[in-house]
Amino acid sequence: MSGTLVLVRHGQSDWNLKNLFTGWKDPDLTELGVKEATAGGKALAEAGMKFDIAFTSALTRAQHTCQLVLDQVGQSDLETIKDQAINERDYGDLAGLNKDDAREKWGEEQVHIWRRSYDVPRPAAKA
């Protein structure tokens, strides 16, 4: 059995636009995010992609992106499994904080570690 796995990141969310740590918070897509997701779906359609099943996280921005992509490839009603296990990382107390403010407070290197590591705990918001 062979196939193709297609991974799609969600389009721009309201909190991406505001430069906030998002994680498990649940803002929806911006107008640009909708355009990005639609364009991604169009590119997949032009490549002739068809899917057997779709998976998305429990987060609105990911589900909205998934549906826009499926609409573009002509598979709006495709079985879609939504699971919290594939949510973005949980930023804990960093969620909602401005990333530039965090860099100023804790330093560029530390913020980079928190954003890219999987096993380094994030700080308390008032640390």
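Bear in mind that the values in this text are calculations on the coordinates, not laboratory data. Remember, it's a predicted structure, so these values are computed and weren't measured experimentally. For neighbour counting, all protein chains shown are included, and Cβ atoms are generated from backbone atoms with ideal geometry for every residue, glycine included.
Give the separation of the Cα centroids, the range 1-27 to the range 33-64, in Å. Cα centroid to Cα centroid, the span is 11 Å. Counting only residues at least eight positions apart within a chain, or on another chain, the lysines with an alpha carbon under 25 Å from that of Lys35 are Lys18, Lys25, Lys50, Lys82, Lys99.
Under 5 Å from the amide H of Phe55 lie the amide H atoms of Ile81, each residue being 5 or more positions distant or on a separate chain, with H modelled from the backbone and absent for Pro and chain starts. Once C-alpha pairs closer than 8 Å and six or more residues apart are averaged by separation and normalised to the residue number of the chain, the relative contact order reads 27 percent. Annotation: the residues Val8, Val120, sorted from fewest to most other C-beta atoms within 10 Å of their own C-beta, follow the order Val120, Val8. If I model a spin label as a point 7 Å beyond the Cα along the Cα-Cβ vector, how far apart are those points for Lys50 and Glu31 in nm? Once both label points are built, they end up 3.6 nm from each other.
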